[in-house]
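One structure is given below, encoded as C-alpha coordinates.
The values are calculated or read from the model by the stated rules, or taken from the named source; none is laboratory data. Just so it is clear, the model here is predicted, and its values are computed rather than measured. Heads up, the Cβs are rebuilt from the backbone with ideal geometry, glycines too, and the neighbour counts pull from every protein chain shown.
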DNA sequence: CCGGAAATCCCCCGCGCGGGGGACCCGATT
DNA sequence: AATCGGGTCCCCCGCGCGGGGGATTTCCGG
(Lines give C-alpha, C1' and ligand atoms only; values in the text may rest on other atoms or scores of the structure.)
Protein backbone atom coordinates (compact mmCIF):
# COMPACT_ATOMS: atom_id res chain seq x y z
CA UNK A 1 0.00 0.00 0.00
CA UNK A 2 1.34 3.35 -1.00
CA UNK A 3 1.35 6.39 1.22
CA UNK A 4 0.32 9.77 -0.10
CA UNK A 5 2.14 12.86 1.07
CA UNK A 6 1.47 16.57 0.88
CA UNK A 7 4.36 19.02 1.04
CA UNK A 8 3.99 22.55 2.29
CA UNK A 9 6.86 24.98 2.32
CA UNK A 10 7.28 28.45 0.92
CA UNK A 11 10.66 27.66 -0.54
CA UNK A 12 10.35 25.93 -3.88
CA UNK A 13 13.86 24.65 -3.54
CA UNK A 14 13.16 22.83 -0.35
CA UNK A 15 9.97 21.39 -1.75
CA UNK A 16 11.75 19.91 -4.69
CA UNK A 17 14.41 18.58 -2.38
CA UNK A 18 11.81 16.84 -0.28
CA UNK A 19 10.02 15.54 -3.32
CA UNK A 20 13.28 14.11 -4.58
CA UNK A 21 13.78 12.35 -1.29
CA UNK A 22 10.32 10.86 -1.31
CA UNK A 23 10.60 9.88 -4.96
CA UNK A 24 13.34 7.46 -4.06
CA UNK A 25 10.72 5.42 -2.25
CA UNK A 26 8.35 3.45 -4.45
CA UNK A 27 5.66 3.36 -1.77
CA UNK A 28 5.58 7.10 -1.15
CA UNK A 29 3.69 9.38 -3.47
CA UNK A 30 3.90 13.11 -3.19
CA UNK A 31 0.43 14.16 -4.30
CA UNK A 32 0.65 17.90 -3.76
CA UNK A 33 3.01 20.77 -3.14
CA UNK A 34 1.79 24.03 -1.70
CA UNK A 35 3.56 27.20 -0.64
CA UNK A 36 1.48 28.47 2.27
CA UNK A 37 -0.57 27.27 5.19
CA UNK A 38 -3.98 28.14 3.85
CA UNK A 39 -3.36 26.18 0.69
CA UNK A 40 -2.15 23.30 2.81
CA UNK A 41 -5.40 23.22 4.74
CA UNK A 42 -7.60 23.29 1.65
CA UNK A 43 -5.52 20.75 -0.22
CA UNK A 44 -5.46 18.39 2.69
CA UNK A 45 -9.24 18.62 2.90
CA UNK A 46 -9.49 17.90 -0.81
CA UNK A 47 -6.88 15.20 -1.29
CA UNK A 48 -6.85 13.58 2.13
CA UNK A 49 -3.22 12.55 1.99
CA UNK A 50 -1.91 10.12 4.58
CA UNK A 51 0.71 12.54 5.80
CA UNK A 52 1.20 16.28 5.50
CA UNK A 53 4.70 17.61 5.88
CA UNK A 54 4.45 21.27 6.86
CA UNK A 55 7.07 23.90 7.36
CA UNK A 56 6.55 25.96 10.47
CA UNK A 57 7.22 29.27 8.79
CA UNK A 58 4.87 29.88 5.93
CA UNK A 59 2.98 32.86 4.53
CA UNK A 60 -0.69 33.49 5.27
CA UNK A 61 -0.97 30.74 7.84
CA UNK A 62 1.98 29.17 9.57
CA UNK A 63 2.47 25.48 10.04
CA UNK A 64 1.17 25.56 13.56
CA UNK A 65 -2.08 27.21 12.59
CA UNK A 66 -2.44 24.90 9.64
CA UNK A 67 -1.89 21.91 11.90
CA UNK A 68 -4.57 23.08 14.25
CA UNK A 69 -7.03 23.61 11.44
CA UNK A 70 -6.29 20.29 9.81
CA UNK A 71 -6.58 18.30 12.99
CA UNK A 72 -9.60 20.20 14.17
CA UNK A 73 -11.58 18.74 11.29
CA UNK A 74 -12.50 15.18 12.26
CA UNK A 75 -13.08 14.33 8.61
CA UNK A 76 -9.33 14.54 8.10
CA UNK A 77 -7.29 11.48 8.89
CA UNK A 78 -4.13 13.11 7.70
CA UNK A 79 -1.18 12.95 10.05
CA UNK A 80 0.89 16.06 10.36
CA UNK A 81 4.64 16.27 10.48
CA UNK A 82 6.11 19.65 11.24
CA UNK A 83 9.42 20.71 9.84
CA UNK A 84 11.50 23.57 11.09
CA UNK A 85 14.97 24.99 10.90
CA UNK A 86 15.30 26.01 14.49
CA UNK A 87 13.74 24.31 17.42
CA UNK A 88 12.14 27.03 19.46
CA UNK A 89 10.42 25.69 22.52
CA UNK A 90 7.24 27.60 21.92
CA UNK A 91 6.83 25.95 18.56
CA UNK A 92 7.24 22.49 19.96
CA UNK A 93 4.66 22.93 22.66
CA UNK A 94 2.11 24.45 20.37
CA UNK A 95 2.74 21.80 17.78
CA UNK A 96 2.26 18.98 20.21
CA UNK A 97 -0.77 20.61 21.75
CA UNK A 98 -2.25 20.85 18.29
CA UNK A 99 -1.71 17.13 17.94
CA UNK A 100 1.07 16.95 15.41
CA UNK A 101 2.53 13.49 14.89
CA UNK A 102 6.04 14.73 14.63
CA UNK A 103 8.34 17.64 15.07
CA UNK A 104 11.46 17.42 13.00
CA UNK A 105 14.42 19.59 12.21
CA UNK A 106 15.39 20.18 8.61
CA UNK A 107 18.82 18.90 9.46
CA UNK A 108 17.34 15.43 9.74
CA UNK A 109 18.97 12.87 7.44
CA UNK A 110 16.75 12.01 4.45
CA UNK A 111 16.34 8.39 5.39
CA UNK A 112 15.10 9.36 8.80
CA UNK A 113 12.62 11.74 7.32
CA UNK A 114 11.27 8.91 5.22
CA UNK A 115 11.11 6.73 8.25
CA UNK A 116 9.27 9.50 10.07
CA UNK A 117 6.62 9.65 7.38
CA UNK A 118 6.04 5.92 7.68
CA UNK A 119 5.93 6.17 11.44
CA UNK A 120 3.39 8.97 11.30
CA UNK A 121 1.28 7.15 8.75
CA UNK A 122 0.87 4.17 11.01
CA UNK A 123 -0.31 6.42 13.82
CA UNK A 124 2.82 6.69 15.90
CA UNK A 125 4.74 9.83 16.59
CA UNK A 126 8.27 10.95 16.25
CA UNK A 127 10.12 13.86 17.68
CA UNK A 128 13.55 15.07 16.80
CA UNK A 129 16.01 13.74 19.39
CA UNK A 130 17.46 17.16 20.10
CA UNK A 131 13.99 18.37 20.93
CA UNK A 132 12.95 15.28 22.82
CA UNK A 133 15.46 15.91 25.52
CA UNK A 134 14.01 19.30 26.39
CA UNK A 135 10.53 17.95 25.99
CA UNK A 136 11.32 15.37 28.60
CA UNK A 137 12.68 17.94 30.96
CA UNK A 138 9.58 20.00 30.60
CA UNK A 139 7.37 16.98 30.83
CA UNK A 140 9.08 15.82 33.94
CA UNK A 141 8.39 19.04 35.77
CA UNK A 142 4.79 19.03 34.66
CA UNK A 143 4.57 15.47 35.89
CA UNK A 144 6.54 16.10 39.00
CA UNK A 145 4.10 15.22 41.69
CA UNK A 146 4.61 17.98 44.19
CA UNK A 147 6.31 15.98 46.89
CA UNK A 148 3.48 15.22 49.25
CA UNK A 149 4.22 17.44 52.20
CA UNK A 150 5.15 15.32 55.20
CA UNK A 151 2.72 17.06 57.53
CA UNK A 152 -0.02 15.45 55.52
CA UNK A 153 0.85 12.20 57.23
CA UNK A 154 -0.32 13.70 60.47
CA UNK A 155 -3.87 13.63 59.23
CA UNK A 156 -6.13 10.68 59.84
CA UNK A 157 -7.94 9.13 56.92
CA UNK A 158 -11.12 10.89 57.88
CA UNK A 159 -9.37 14.20 58.11
CA UNK A 160 -7.84 13.83 54.68
CA UNK A 161 -11.28 13.00 53.37
CA UNK A 162 -12.65 16.17 54.90
CA UNK A 163 -9.75 18.17 53.56
CA UNK A 164 -10.52 17.09 50.04
CA UNK A 165 -14.12 18.14 50.42
CA UNK A 166 -13.05 21.46 51.86
CA UNK A 167 -10.71 21.85 48.90
CA UNK A 168 -13.70 21.35 46.63
CA UNK A 169 -15.16 24.45 48.23
CA UNK A 170 -17.88 22.65 50.14
CA UNK A 171 -19.33 24.22 53.25
CA UNK A 172 -19.29 22.39 56.52
CA UNK A 173 -22.97 21.63 56.15
CA UNK A 174 -22.48 20.17 52.70
CA UNK A 175 -19.62 18.02 53.90
CA UNK A 176 -21.71 16.83 56.82
CA UNK A 177 -24.49 15.81 54.48
CA UNK A 178 -22.12 14.06 52.14
CA UNK A 179 -20.45 12.11 54.93
CA UNK A 180 -23.69 11.42 56.77
CA UNK A 181 -22.47 12.93 60.01
CA UNK A 182 -23.38 15.98 62.04
CA UNK A 183 -22.02 19.33 61.06
CA UNK A 184 -20.42 19.72 64.46
CA UNK A 185 -18.35 16.69 63.65
CA UNK A 186 -17.22 18.23 60.45
CA UNK A 187 -16.25 21.38 62.28
CA UNK A 188 -14.10 19.29 64.60
CA UNK A 189 -12.38 17.59 61.69
CA UNK A 190 -11.79 20.84 59.87
CA UNK A 191 -10.37 22.41 62.99
CA UNK A 192 -7.99 19.51 63.45
CA UNK A 193 -6.92 19.67 59.84
CA UNK A 194 -6.21 23.37 60.07
CA UNK A 195 -4.29 22.92 63.30
CA UNK A 196 -2.22 20.02 62.01
CA UNK A 197 -1.38 21.69 58.74
CA UNK A 198 -0.78 25.08 60.29
CA UNK A 199 -3.44 26.75 58.18
CA UNK A 200 -5.45 29.76 59.22
CA UNK A 201 -8.83 28.95 57.75
CA UNK A 202 -10.56 26.88 55.10
CA UNK A 203 -9.56 29.36 52.46
CA UNK A 204 -5.92 28.55 53.08
CA UNK A 205 -6.86 24.89 53.11
CA UNK A 206 -8.31 25.15 49.61
CA UNK A 207 -5.19 26.87 48.31
CA UNK A 208 -2.98 24.38 50.13
CA UNK A 209 -4.76 21.41 48.61
CA UNK A 210 -4.56 22.80 45.11
CA UNK A 211 -0.96 23.88 45.34
CA UNK A 212 0.07 20.49 46.66
CA UNK A 213 -1.75 18.69 43.93
CA UNK A 214 -4.24 17.01 46.21
CA UNK A 215 -7.02 18.05 43.96
CA UNK A 216 -5.51 19.54 40.83
CA UNK A 217 -6.44 18.24 37.42
CA UNK A 218 -4.66 14.97 38.07
CA UNK A 219 -4.67 12.50 35.24
CA UNK A 220 -5.73 8.92 35.91
CA UNK A 221 -2.17 7.65 35.59
CA UNK A 222 -1.52 9.15 38.97
CA UNK B 1 36.13 8.55 19.91
CA UNK B 2 34.62 5.32 21.08
CA UNK B 3 31.55 5.09 23.25
CA UNK B 4 31.42 2.76 26.22
CA UNK B 5 28.21 0.96 27.02
CA UNK B 6 26.92 -0.97 29.99
CA UNK B 7 24.25 -3.61 29.52
CA UNK B 8 21.84 -4.62 32.24
CA UNK B 9 19.27 -7.33 31.74
CA UNK B 10 18.48 -10.42 33.71
CA UNK B 11 18.28 -12.57 30.60
CA UNK B 12 21.72 -13.70 29.52
CA UNK B 13 20.40 -14.41 26.07
CA UNK B 14 19.22 -10.89 25.52
CA UNK B 15 22.48 -9.52 26.83
CA UNK B 16 24.47 -11.50 24.37
CA UNK B 17 22.11 -10.41 21.63
CA UNK B 18 22.64 -6.80 22.49
CA UNK B 19 26.36 -7.27 22.78
CA UNK B 20 26.41 -8.83 19.34
CA UNK B 21 24.56 -5.84 17.96
CA UNK B 22 26.97 -3.39 19.51
CA UNK B 23 29.98 -5.42 18.46
CA UNK B 24 29.13 -4.75 14.85
CA UNK B 25 30.02 -1.12 15.50
CA UNK B 26 33.71 -0.38 15.81
CA UNK B 27 33.10 2.76 17.85
CA UNK B 28 30.90 1.09 20.48
CA UNK B 29 32.46 -0.86 23.28
CA UNK B 30 30.38 -2.89 25.66
CA UNK B 31 32.36 -2.60 28.87
CA UNK B 32 30.09 -4.47 31.27
CA UNK B 33 27.15 -6.80 31.48
CA UNK B 34 25.13 -7.09 34.64
CA UNK B 35 22.00 -9.00 35.53
CA UNK B 36 20.29 -6.79 38.05
CA UNK B 37 19.68 -3.16 38.91
CA UNK B 38 21.89 -2.93 41.94
CA UNK B 39 24.84 -4.26 40.01
CA UNK B 40 24.06 -1.77 37.28
CA UNK B 41 24.25 1.12 39.73
CA UNK B 42 27.56 0.04 41.24
CA UNK B 43 29.14 -0.78 37.89
CA UNK B 44 28.07 2.52 36.41
CA UNK B 45 29.63 4.30 39.37
CA UNK B 46 32.84 2.33 38.87
CA UNK B 47 33.20 2.29 35.12
CA UNK B 48 31.43 5.52 34.18
CA UNK B 49 30.28 4.30 30.79
CA UNK B 50 28.88 6.79 28.32
CA UNK B 51 25.59 5.00 28.09
CA UNK B 52 23.79 2.44 30.23
CA UNK B 53 21.19 0.28 28.57
CA UNK B 54 18.86 -1.01 31.26
CA UNK B 55 15.99 -3.42 31.11
CA UNK B 56 12.97 -2.22 33.04
CA UNK B 57 12.32 -5.55 34.70
CA UNK B 58 15.27 -6.72 36.69
CA UNK B 59 15.78 -8.47 40.02
CA UNK B 60 16.70 -6.60 43.19
CA UNK B 61 16.27 -3.16 41.67
CA UNK B 62 14.31 -2.48 38.53
CA UNK B 63 15.47 -0.31 35.70
CA UNK B 64 13.47 2.63 36.89
CA UNK B 65 14.96 2.58 40.33
CA UNK B 66 18.42 2.08 38.92
CA UNK B 67 17.90 5.04 36.62
CA UNK B 68 16.90 7.23 39.49
CA UNK B 69 19.91 6.20 41.52
CA UNK B 70 22.33 6.62 38.66
CA UNK B 71 21.06 10.04 37.69
CA UNK B 72 20.76 11.18 41.27
CA UNK B 73 24.52 11.00 41.58
CA UNK B 74 25.94 14.10 39.93
CA UNK B 75 29.31 12.40 39.59
CA UNK B 76 27.79 10.15 36.95
CA UNK B 77 27.67 11.46 33.43
CA UNK B 78 26.24 8.25 32.12
CA UNK B 79 23.15 8.53 29.97
CA UNK B 80 20.45 5.99 30.56
CA UNK B 81 18.47 4.18 27.93
CA UNK B 82 15.60 2.07 29.17
CA UNK B 83 14.52 -1.03 27.37
CA UNK B 84 11.27 -2.82 27.82
CA UNK B 85 9.07 -5.40 26.20
CA UNK B 86 5.77 -3.71 26.81
CA UNK B 87 5.17 -0.03 26.96
CA UNK B 88 3.16 0.54 30.06
CA UNK B 89 2.35 4.17 30.59
CA UNK B 90 3.42 4.18 34.18
CA UNK B 91 6.89 3.08 33.21
CA UNK B 92 7.28 5.80 30.66
CA UNK B 93 6.32 8.59 32.98
CA UNK B 94 8.49 7.40 35.79
CA UNK B 95 11.36 6.86 33.40
CA UNK B 96 11.14 10.35 32.00
CA UNK B 97 10.69 11.88 35.42
CA UNK B 98 13.84 10.10 36.48
CA UNK B 99 15.60 11.74 33.57
CA UNK B 100 16.23 8.81 31.26
CA UNK B 101 17.55 9.74 27.85
CA UNK B 102 15.46 7.19 26.09
CA UNK B 103 12.64 4.75 26.35
CA UNK B 104 12.77 1.99 23.80
CA UNK B 105 10.90 -1.18 23.04
CA UNK B 106 12.79 -4.39 22.53
CA UNK B 107 11.12 -4.70 19.17
CA UNK B 108 13.28 -1.84 17.96
CA UNK B 109 15.38 -2.71 14.91
CA UNK B 110 19.07 -3.18 15.82
CA UNK B 111 20.30 -0.29 13.73
CA UNK B 112 17.91 2.06 15.48
CA UNK B 113 19.08 0.86 18.83
CA UNK B 114 22.61 1.68 17.81
CA UNK B 115 21.50 5.05 16.62
CA UNK B 116 19.72 5.56 19.94
CA UNK B 117 22.91 4.92 21.86
CA UNK B 118 24.74 7.50 19.78
CA UNK B 119 21.92 9.98 20.22
CA UNK B 120 21.91 9.48 23.97
CA UNK B 121 25.68 9.79 24.18
CA UNK B 122 25.62 13.20 22.57
CA UNK B 123 23.05 14.36 25.10
CA UNK B 124 19.88 14.16 23.11
CA UNK B 125 16.95 11.93 23.85
CA UNK B 126 14.98 9.39 21.97
CA UNK B 127 11.65 7.81 22.61
CA UNK B 128 10.10 4.91 20.83
CA UNK B 129 7.62 6.25 18.28
CA UNK B 130 4.78 4.10 19.55
CA UNK B 131 5.28 5.62 22.96
CA UNK B 132 5.85 9.14 21.73
CA UNK B 133 2.34 9.39 20.43
CA UNK B 134 0.80 8.74 23.83
CA UNK B 135 3.39 10.90 25.47
CA UNK B 136 2.32 13.75 23.27
CA UNK B 137 -1.30 13.21 24.10
CA UNK B 138 -0.55 13.25 27.76
CA UNK B 139 1.76 16.18 27.38
CA UNK B 140 -0.82 18.11 25.47
CA UNK B 141 -3.39 17.78 28.21
CA UNK B 142 -0.87 18.77 30.83
CA UNK B 143 -0.03 21.78 28.70
CA UNK B 144 -3.58 22.51 27.75
CA UNK B 145 -4.23 25.88 29.20
CA UNK B 146 -7.71 25.56 30.57
CA UNK B 147 -9.58 27.75 28.12
CA UNK B 148 -9.98 30.96 30.02
CA UNK B 149 -13.63 31.02 30.92
CA UNK B 150 -15.40 33.79 29.03
CA UNK B 151 -17.08 35.22 32.11
CA UNK B 152 -13.64 36.29 33.20
CA UNK B 153 -13.84 39.02 30.61
CA UNK B 154 -16.62 40.60 32.63
CA UNK B 155 -14.16 41.52 35.33
CA UNK B 156 -12.37 44.81 35.33
CA UNK B 157 -8.61 44.86 35.65
CA UNK B 158 -8.87 45.76 39.30
CA UNK B 159 -11.30 42.97 39.95
CA UNK B 160 -9.04 40.40 38.33
CA UNK B 161 -6.22 41.70 40.44
CA UNK B 162 -8.30 41.24 43.56
CA UNK B 163 -9.37 37.79 42.43
CA UNK B 164 -5.78 36.69 42.18
CA UNK B 165 -5.10 37.89 45.68
CA UNK B 166 -8.18 36.15 46.96
CA UNK B 167 -6.98 33.02 45.19
CA UNK B 168 -3.74 33.32 47.11
CA UNK B 169 -5.83 32.97 50.25
CA UNK B 170 -5.39 36.54 51.40
CA UNK B 171 -7.98 38.10 53.67
CA UNK B 172 -9.73 41.28 52.69
CA UNK B 173 -7.58 43.24 55.11
CA UNK B 174 -4.38 41.80 53.63
CA UNK B 175 -5.51 42.62 50.14
CA UNK B 176 -6.41 46.14 51.21
CA UNK B 177 -2.94 46.64 52.65
CA UNK B 178 -1.28 45.24 49.58
CA UNK B 179 -3.26 47.43 47.22
CA UNK B 180 -3.06 50.50 49.46
CA UNK B 181 -6.79 50.96 49.60
CA UNK B 182 -9.41 50.68 52.29
CA UNK B 183 -10.77 47.30 53.22
CA UNK B 184 -14.28 48.41 52.37
CA UNK B 185 -13.11 48.90 48.82
CA UNK B 186 -11.76 45.41 48.72
CA UNK B 187 -15.05 44.07 49.97
CA UNK B 188 -16.81 45.84 47.14
CA UNK B 189 -14.45 44.37 44.58
CA UNK B 190 -14.73 40.90 46.01
CA UNK B 191 -18.49 41.14 46.02
CA UNK B 192 -18.52 42.20 42.39
CA UNK B 193 -16.17 39.38 41.44
CA UNK B 194 -18.34 36.82 43.16
CA UNK B 195 -21.47 38.20 41.56
CA UNK B 196 -19.98 38.33 38.07
CA UNK B 197 -18.52 34.86 38.25
CA UNK B 198 -21.53 33.36 39.96
CA UNK B 199 -19.54 32.20 42.95
CA UNK B 200 -20.92 31.82 46.43
CA UNK B 201 -18.02 32.99 48.54
CA UNK B 202 -14.27 33.52 48.48
CA UNK B 203 -13.71 29.83 49.07
CA UNK B 204 -15.32 29.07 45.74
CA UNK B 205 -13.28 31.87 44.24
CA UNK B 206 -10.07 30.21 45.36
CA UNK B 207 -11.10 26.89 43.88
CA UNK B 208 -12.29 28.59 40.71
CA UNK B 209 -9.00 30.38 40.22
CA UNK B 210 -6.97 27.24 40.71
CA UNK B 211 -9.13 25.02 38.57
CA UNK B 212 -9.05 27.53 35.75
CA UNK B 213 -5.31 27.84 35.90
CA UNK B 214 -5.31 31.47 36.96
CA UNK B 215 -2.84 30.67 39.67
CA UNK B 216 -1.74 27.07 39.27
CA UNK B 217 1.90 26.09 39.08
CA UNK B 218 2.27 27.52 35.63
CA UNK B 219 5.66 27.12 34.03
CA UNK B 220 7.38 30.20 32.64
CA UNK B 221 6.87 29.13 29.03
CA UNK B 222 3.28 30.14 29.33
C1' DC C 1 -21.57 68.91 28.38
C1' DC C 2 -23.44 65.06 30.35
C1' DG C 3 -24.04 60.12 31.15
C1' DG C 4 -22.03 56.00 32.61
C1' DA C 5 -18.48 52.96 34.11
C1' DA C 6 -14.93 52.22 37.39
C1' DA C 7 -12.75 52.84 41.67
C1' DT C 8 -13.00 54.34 46.17
C1' DC C 9 -15.13 54.58 50.83
C1' DC C 10 -19.01 54.07 54.41
C1' DC C 11 -22.85 51.64 57.48
C1' DC C 12 -25.76 47.77 58.98
C1' DC C 13 -27.07 43.16 59.42
C1' DG C 14 -26.99 38.12 59.51
C1' DC C 15 -24.43 34.03 59.20
C1' DG C 16 -20.86 30.76 58.57
C1' DC C 17 -16.77 29.80 60.50
C1' DG C 18 -13.07 28.68 63.80
C1' DG C 19 -11.32 28.38 68.73
C1' DG C 20 -12.05 26.63 73.21
C1' DG C 21 -13.86 24.13 75.97
C1' DG C 22 -16.54 19.18 77.22
C1' DA C 23 -18.65 14.67 76.41
C1' DC C 24 -19.43 9.81 74.69
C1' DC C 25 -18.28 5.39 72.24
C1' DC C 26 -15.25 2.12 70.43
C1' DG C 27 -11.24 -0.62 69.26
C1' DA C 28 -6.45 -1.41 69.87
C1' DT C 29 -2.62 -1.19 72.70
C1' DT C 30 -0.46 -1.54 77.22
C1' DA D 1 -8.38 -2.86 83.79
C1' DA D 2 -6.47 1.18 82.23
C1' DT D 3 -5.16 3.91 78.48
C1' DC D 4 -5.12 6.22 74.21
C1' DG D 5 -6.45 7.66 69.55
C1' DG D 6 -10.08 8.33 66.47
C1' DG D 7 -14.67 9.51 65.44
C1' DT D 8 -18.83 11.50 66.80
C1' DC D 9 -21.72 15.17 68.89
C1' DC D 10 -22.69 19.50 71.72
C1' DC D 11 -22.43 24.71 73.47
C1' DC D 12 -20.65 29.45 73.45
C1' DC D 13 -18.32 33.28 71.71
C1' DG D 14 -16.11 36.50 68.53
C1' DC D 15 -15.02 37.80 63.97
C1' DG D 16 -14.52 37.90 59.14
C1' DC D 17 -17.30 37.82 55.46
C1' DG D 18 -20.90 38.85 52.03
C1' DG D 19 -25.39 41.24 50.73
C1' DG D 20 -28.02 45.35 50.87
C1' DG D 21 -28.08 49.84 50.74
C1' DG D 22 -25.68 54.76 49.56
C1' DA D 23 -21.96 58.19 48.44
C1' DT D 24 -17.95 60.37 46.11
C1' DT D 25 -14.37 61.10 42.52
C1' DT D 26 -12.28 60.44 37.99
C1' DC D 27 -12.26 59.62 33.37
C1' DC D 28 -13.90 58.47 28.94
C1' DG D 29 -16.98 58.75 25.01
C1' DG D 30 -21.32 60.20 22.91
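Only residues that are crowded, with 16+ Cβ neighbours inside 10 Å and at pLDDT below 85 were counted in region B:91-107, giving 9. Pairing residues of region A:150-161 that are closer than 13 Å to residue A:214 by Cα and near DNA strand D (Cβ under 10 Å from one of its atoms) with residues that are at pLDDT below 90 and not in a helix (DSSP H, G or I), at Cβ distances under 9 Å and at least 6 apart in sequence or on separate chains, gives A:160/A:214.
For region A:176-183, state whether one or more residues are closer than 21 Å to residue B:168 by Cβ, modelled with pLDDT of 85 or more and within 13 Å of DNA strand D (Cβ to nearest atom). No, there is no match, as no residue in region A:176-183 is closer than 21 Å to residue B:168 by Cβ, modelled with pLDDT of 85 or more and within 13 Å of DNA strand D (Cβ to nearest atom). Pairing residues of region B:162-185 that are away from chain A (no Cβ under 14 Å) with residues that are near DNA strand D (Cβ under 8 Å from one of its atoms) and outside any helix (DSSP H, G or I), at Cβ distances under 8 Å and at least 6 apart in sequence or on separate chains, gives B:178/B:170. The single condition among (1) more than 12 Å from chain B (Cβ to nearest Cβ); (2) at pLDDT 90 or above that residue A:153 does not satisfy is (2). Is it true that residue B:73 is more than 14 Å from chain A (Cβ to nearest Cβ), within 20 Å of the chain's Cα centre (by Cα) and under 23 Å from residue B:130 (Cα atoms)? Answer is no for this residue. Number of residues in region B:10-41 that are under 17 Å from residue B:64 (Cβ atoms) and out of contact with any helix residue (DSSP H, G or I) (no Cβ under 7 Å at 6 or more places or on another chain): the value is 5. Any idea which of (1) within 14 Å of chain B (Cβ to nearest Cβ); (2) more than 10 Å from DNA strand C (Cβ to nearest atom); (3) touching a helix residue (DSSP H, G or I) at 6+ places or on another chain (Cβ under 6 Å) is the one residue A:196 doesn't satisfy? Unmet for residue A:196, out of (1) within 14 Å of chain B (Cβ to nearest Cβ); (2) more than 10 Å from DNA strand C (Cβ to nearest atom); (3) touching a helix residue (DSSP H, G or I) at 6+ places or on another chain (Cβ under 6 Å): (1).
As for region A:164-173, it holds at least one residue that is modelled with pLDDT under 95, more than 28 Å from residue B:164 (Cβ to Cβ) and within 12 Å of DNA strand C (Cβ to nearest atom).
Looking only at residues that are touching a residue at least 12 places away in the same chain (Cβ under 8 Å) and more than 7 Å from DNA strand D (Cβ to nearest atom) in region B:191-204, which one is farthest from the chain's Cα centre (by Cα)?
In this case the residue turns out to be B:192.
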